[in-house]
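> Structure below; questions to follow.
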Ligand SMILES: Cc1ncc(COP(=O)(O)O)c(C=O)c1O
Ligand SMILES: [Zn+2]
């Protein structure tokens, strides 16, 4: 059996039970996700800002804190961090420091502009990953590990983008894939899976129903289950978003991160990355305040956050055009909510109309054609800046988690309704 190069062991995120990383593992016996642990002292000896300068421009540049090598890679990661000056300037702020008048680049130098609003608003544009979303990050790590562990076929339920990414990486690995998705998943996601040669199963239901289908069939069919958080390595790929922010800000982290949260893997991954950075001595105890942005029509985390609960309840009748946010019962609820608390973050909702409106703003003001999930973070920023929760002088990062090109149906409707106005 192949041995991981770097992972010492897997540890349950809820009860702390340890598991052998050299064999296939999924959930803990307590039902909760497992997280990979590394020898971070050893990693810190070679993983430095300086050494990173010479490494390949993919997420595999952080090899010391990733599971294995050589990877199944399509060039994922190192996405642009765009200084969103026009959208930033258009955001009304209240509270102390509202007179801040400088525009500053990621590494901190002033560019001398005299606009108000949020001067340090940045967009991490994940739409530029292979298959057009940040799901590529998780899948490069998960599929690489699955292949090393001898998986014969890969399967996952998907809201859309994860399926496309899994199908692409399975093709690159030379492995068959089965993708189970709601029947009303955006057509681009269905087509890409079919083109990549995956078997597509469409169900009348939500991602939670698709997850049940995979769980019921996987043993009989011999599938390796790549469902969100049901294997330990998608989080590892997604955590590199946190490492990239640190590197792109020149060894610093932003004050606030807004993340469109469905299953929450990126949020969990980034917080894990920040803990690892602290253990490596790169940062202290301070953390960016994490903000979970959800759709009004599917907001289990926001409802739990508002009710001061530590776990989320299944959100009934979930509907939103942001298919990636249509996750009514996220398995990582405990982790997400505890990370929001630990980082002094918050959680809030955005309506579908607001998302499409913000999508048009992002496209026309910044040249970024965003997924509705990513556009949602602009509205959330407006709300939080208006209430004073985000201060004008703070460095704020929005995650555009996917490209707008995958959402032809939603964009068509939104543009038609504007034309009719
Ligand atoms: C574009 C997009 N944004 C956000 C999400 C939610 O991702 P996560 O599971 O990391 O919360 C998804 C998931 O499908 C997605 O496709
Ligand atoms: Zn456990």
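Every read-out reported here was derived from the displayed coordinates using simple, explicitly stated rules and does not represent laboratory data. Just so you know, these numbers come straight off a predicted model, no measurement behind them. Here Cβ is always computed from backbone atoms with ideal geometry, including for glycine, and neighbour counts include all displayed protein chains.
> Answer rounded, prolate or oblate for the chain, using the Cα gyration tensor with square roots of eigenvalues a ≥ b ≥ c: rounded when a/c is under 1.5, else prolate when a/b is larger than b/c, else oblate.
oblate
> Just to be sure I understand the model, the point goes 7 Å from the Cα along the line to the Cβ. What's the resulting residue 48 to residue 408 distance in nm?
Distance between the two pseudo-spin positions: 5.1 nm.
> To check you understand DSSP bridge types, tell me what percent of the beta bridges within region 230-357 (both residues inside) are antiparallel, rounded to 5.
10
> Using a ≥ b ≥ c from the Cα gyration tensor of region 297-412 (square roots of the eigenvalues), is it rounded, prolate or oblate, where a/c under 1.5 gives rounded and otherwise the larger of a/b and b/c decides, a/b for prolate?
oblate
> Divide by every residue of the chain the summed helix terms, -39500 (n - 2.57) for each DSSP H run of at least 4, and state the resulting mean residue ellipticity at 222 nm, rounded to the nearest 500 deg cm²/dmol.
Computed mean residue ellipticity for the chain: -11000 deg cm²/dmol.
> In region 361-396, whose amide N lies under 18 Å from the spot 7 Å out along Cα-to-Cβ of residue 195? List them in ranges.
Within reach of a label on residue 195: 371.
> Separate question: Where the centroid of each part is defined by its Cα atoms, how far is region 345-359 from region 67-91 in Å?
Distance between centres, Cα-based: 21 Å.
> Among 216, 361, what is the fewest-to-most ranking by other Cβ atoms within 10 Å?
216, 361
> Using the beta-carbon distance between residue 419 and residue 306 and R0 = 30 Å, what value does 1/(1 + (r/R0)^6) give for FRET efficiency, to the nearest 0.05?
Working from the Cβ atoms, E equals 0.25.
> Next question. So if each residue of separation counts as 0.36 nm, and I subtract the Cα-Cα distance between residue 344 and residue 314, what length gain in nm does that give?
8.4 nm
> Please arrange 48, 228 by how many other C-beta atoms lie within 10 Å of their C-beta, fewest to most.
48, 228
> Please give the contour-minus-distance gain from residue 209 to residue 221: 0.36 nm per residue of separation, less the Cα-Cα distance, rounded to one decimal in nm.
That works out to 2.5 nm of additional length.
> Take the alpha carbon atoms of region 125-153, find their center, do the same for region 293-330, and report the distance between the two centers in whole angstrom.
Computed from Cα coordinates, the inter-centre distance equals 25 Å.
> Nearest 5 is fine: what % of DSSP beta bridges in the chain come out antiparallel, could you say?
35
> Would you work out if region 242-366 is rounded, prolate or oblate? Take a ≥ b ≥ c from the square roots of the eigenvalues of the alpha-carbon gyration tensor; rounded if a/c is under 1.5, else prolate when a/b is larger than b/c, oblate otherwise.
oblate
> Just subtract the alpha-carbon distance of residue 364 and residue 279 from 0.36 nm times their residue separation and send over the number in nm, one decimal.
Difference between extended and current length: 26.4 nm.
> For each of 383, 391, count neighbouring Cβ atoms within 10 Å of the residue's Cβ, then give the residues from fewest to most.
Listing 383, 391 from fewest to most nearby Cβ atoms yields 383, 391.
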